[in-house]
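This report refers to the structure that appears directly beneath it.
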Amino acid sequence: MDGKIYRKTLKSQINISGIGLHSGNKVSLRLIPAEAHTGLIFICNIKNKKSIIPVSLNHVVDTSNAVTLGDGFRIVQTVEHLMAALFTRGITDLIMEIDSSEIPIMDGSSRPFLEAIDSIGTVSFLEEVEPFRVTNPVWVVDGDKYIVILPSDSLKVTYNIHFNHPLLRGQSLTIDLDENVLSNEILPARTFGFLRDVEALQSRGLALGGSLDNAIVLSDEGYLNESLRFENECIRHKVLDLIGDLSIIGRPIIGHILASKAGHALDISMGKLIMSRITGDEVSKFKSKRMHDFKIPRISAFAKKA
């Protein structure tokens, strides 16, 4: 290997189905190979009306409970788990057609998406991807929450969480994030929540698809799930979310990420800071700019040729 990073797409189409976390309704998702430089694009096809939403920081419209992309007409919620899987396999060009406003939650982790990708494989293009190499510290801060990225020869993370729960107080994890580690130690980690919050959300018509089959749920006494995939699965999932969120910038990051009590809003702020090419400034948020009119790119013929 020459150490270079090349653009990738899928060898052939993948059909994925599951339920939406909030709606509880069935969701169908098609991952379709695309030509180089297409980028990652959602096509929301609901009741035969299509809306095109590029995966871009300019199209992030909400970060309250997950990352939501939108175009002013349609939205796609909870994109970060799928994005983390695409990032891990280096997929840069893909059409993602969906018949709902949210990505299927699957088992609450990125593993089902990764397994689907691995079942058919990827195709590399000749075009390279230039990673963002952090040469000077960059940071975003919001009260006692922060994300700092320091120069490093590889991607790694040090993450700290502190929740008002005896099992999630003062946890820390430092880990190198190569493809193998991401695949086996981060992407299988499931999303988590607190029983009191789940009940409040469901009373508002949200989280209707949530269950112990697709989330770790904590009561005041402990975990409601019979077992965990990792002893510290919750903090590993926070790393998963961070990687999925930052992947929206469209370029790999090479640096040491230090995150404390961070979340989707701060993740996206860091992404915008990186894309703005600002270094050494304390920035907590940036305003998004809408993209110009976007046309559907040609779908790749790789699926037919493979």
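The values are calculated or read from the model by the stated rules, or taken from the named source; none is laboratory data. These numbers were taken from a predicted model, which means no experiment stands behind them. Glycine gets a Cβ as well: all are built from the backbone with ideal geometry, and neighbour counts include every protein chain shown.
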Working only within the range 100-137, note down all residues that are more than 26 Å from Arg236 (Cα to Cα) and among the aliphatic types (A, V, I, L, M). Ile120, Val123, Leu126, Val129
Filter the range 30-72 down to residues that are β-branched (Val, Ile, Thr) and not in a strand (DSSP E or B) and give me whichever is surrounded by the most Cβ atoms within 10 Å (Cβ to Cβ). Val67
Among the residues of the range 280-294, are any at pLDDT 90 or above and either of a type in the set (S, T, N, Q) or more than 30 Å from His37 (Cβ to Cβ) (or both)? no
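Return yes or no: is Pro151 at pLDDT below 95, surrounded by fewer than 17 Cβ atoms within 10 Å (Cβ to Cβ) and not basic (Lys, Arg)?
No.
Residues are listed down the side, and each one gets a yes or a no for (1) of a type in the set (Ser, Thr, Tyr); (2) outside the structural domain of Ile243 (by TED's automatic domain parsing); (3) crowded, with 16+ Cβ neighbours inside 10 Å:
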| site | (1), (2), (3) |
| --- | --- |
| Asn136 | no, no, no |
| Asp144 | no, no, no |
| Leu155 | no, no, yes |
| Tyr159 | yes, no, yes |
| Gly170 | no, no, no |
| Leu173 | no, no, yes |
| Arg196 | no, yes, no |
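Quick one: count up the residues across the range 1-26 that are over 29 Å from Phe125 (Cβ atoms) and either aliphatic (A, V, I, L, M) or part of a loop (DSSP other than H, G, I, E, B) (or both).
Result for the range 1-26: 6.
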Among the residues of the range 22-64, write down those that are at pLDDT 95 or above and touching a Cys at 6+ places or on another chain (Cβ under 7 Å). Ile53
